[in-house]
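In what follows, a structure is listed as structure tokens, so that the remarks can point back to it.
The values are calculated or read from the model by the stated rules, or taken from the named source; none is laboratory data. From a predicted model like this one, the values you see are computed outputs, not experimental measurements. Cβ sites come from the backbone with ideal geometry, for glycine too, and all protein chains shown count toward neighbours.
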């Protein structure tokens with residue numbers, strides 16, 4: 001779609017902007033159109049969509065003007081911590097949580113993460129094919145996350161089911177894909193499962209401390225105060241849905257791209273030193289988390305692009321679009337593993353930038369290294385070339401890979 005002299009009616013542009021949140025198979029051309037059309041749309045009163053990098057960064061970096069304390073409607077009954085908390089309380093929680101995922105801690109996890117990656121590869125390498133989504137991308141990050149937090153890895157399937165109730169409710173009830181009430185019902189049930197599990201675990205750890213994350217939280221203080229049981233529940237709610245999903249989604253997007261672009265895959269095989277920059281470029285291009293938490297304007301605001309935002313307007317920022325904005329990336333549609341300046345915002349921006357970004361990067365780098373060391377040549381399995389990108393966070397359902 002071109003926006004030269006022939007500009008589409010605003011209603012169509014608003015429809016296209018809303019559609020960009022749901023059509024995730026190849027969103028970049030659509031993002032380009034929306035940026036060229038101004039990058040700012042208000043499909044209904046009280047709601048705005050930002051696709052322009054300049055405006056998106058402004059919203060993310062000015063928490064005093066755009067609050068993250070919003071109702072996510074994901075089965076949670078209270079705000080998730082620290083996602084839906086603004087400074088100064090947000091800073092207190094981050095001071096507690098950031099050390100759990102600090103670079104030093106990730107360095108200590110290198111050997112364990114490598115071992116786990118190879119363990120999952122061992123399960124199917126001789127078969128010559130796999131359902132990458134189900135057999136690797138879902139299991140590997142979940143194994144690492146549960147191990148890091150000291151939660152029972154033999155209950156991984158239960159934790160993944162909790163996640164699916166919230167983020168992939170159509171897996172629990174197919175009607176949840178299109179029916180809003182069914183979706184809300186499934187998510188509410190999933191939310192209760194999470195609250196019940198961790199309520200019981202908190203009660204157990206009060207009398208039987210362990211070295212797991214719950215025991216650490218019970219002993220911790222935030223701003224001189226102990227965490228309440230509700231605080232712990234609200235942190236764990238976020239951990240379950242974020243820690244068990246976003247790296248999985250990223251892996252399916254990365255490997256779908258590499259399976260279809262052998263020239264990029266060969267760069268990794270020939271020169272493993274390029275893996276770190278390849279991860280950053282694939283995060284930029286694929287942006288598995290296409291949009292951030294809605295931000296609500298706390299007052300009337302004028303954006304850098306000149307748009308007027310009324311107090312109370314919920315602004316949905318699009319990371320994926322911001323990461324292909326030509327104003328920041330001179331050649332945004334070139335996927336370049338040698339890109340030296342890559343200020344992508346795949347992990348968000350501002351004070352709410354992703355808590356687990358260091359862990360995610362470490363996992364992604366190790367997988368690219370170990371997979372291409374052992375399985376350098378792979379393609380989409382014949383008959384499975386049509387990839388399905390369901391709604392929600394950007395991911396590939398049933399990515400079938402084969403190798404000789």
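Tabulated results
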read-out: Filtered residues of the range 222-241 (kept if under 28 Å from the mean Cα position of the chain (by Cα) and not in a helix (DSSP H, G or I)); value: 222, 227, 228
read-out: Condition check for residue 88: surrounded by fewer than 13 Cβ atoms within 10 Å (Cβ to Cβ) and in contact with a helix residue (DSSP H, G or I) (Cβ under 7 Å, 6 or more places away or on another chain); value: no
read-out: Some residue of the range 134-153 being over 30 Å from residue 99 (Cβ atoms) and in contact (Cβ under 8 Å) with a residue 24 or more places away in the chain; value: yes
read-out: Some residue of the range 375-382 being part of a loop (DSSP other than H, G, I, E, B), touching a strand residue (DSSP E or B) at 6+ places or on another chain (Cβ under 8 Å) and over 14 Å from residue 132 (Cβ atoms); value: yes
read-out: Lone qualifier among 351, 367, 335 - being under 30 Å from residue 81 (Cβ atoms), at pLDDT 95 or above and over 13 Å from the mean Cα position of the chain (by Cα); value: 367
read-out: Evaluation of residue 293 against (1) modelled with pLDDT under 95; (2) within 17 Å of residue 251 (Cα to Cα) (one fails), failing number; value: (2)
read-out: So residue 337, is it in a loop (DSSP other than H, G, I, E, B) and in contact (Cβ under 8 Å) with a residue 24 or more places away in the chain; value: yes
read-out: Residue 196 being out of contact with any helix residue (DSSP H, G or I) (no Cβ under 7 Å at 6 or more places or on another chain), surrounded by fewer than 18 Cβ atoms within 10 Å (Cβ to Cβ), at pLDDT below 95 and more than 26 Å from residue 99 (Cα to Cα); value: no
read-out: Some residue of the range 281-293 being crowded, with 16+ Cβ neighbours inside 10 Å, under 30 Å from residue 200 (Cα atoms) and touching a helix residue (DSSP H, G or I) at 6+ places or on another chain (Cβ under 8 Å); value: yes
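Here is a yes/no grid of residues against (1) within 19 Å of the chain's Cα centre (by Cα); (2) at pLDDT 95 or above:
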site: 82; (1), (2): yes, no
site: 88; (1), (2): no, no
site: 97; (1), (2): yes, no
site: 107; (1), (2): no, no
site: 115; (1), (2): no, yes
site: 126; (1), (2): no, yes
site: 129; (1), (2): no, yes
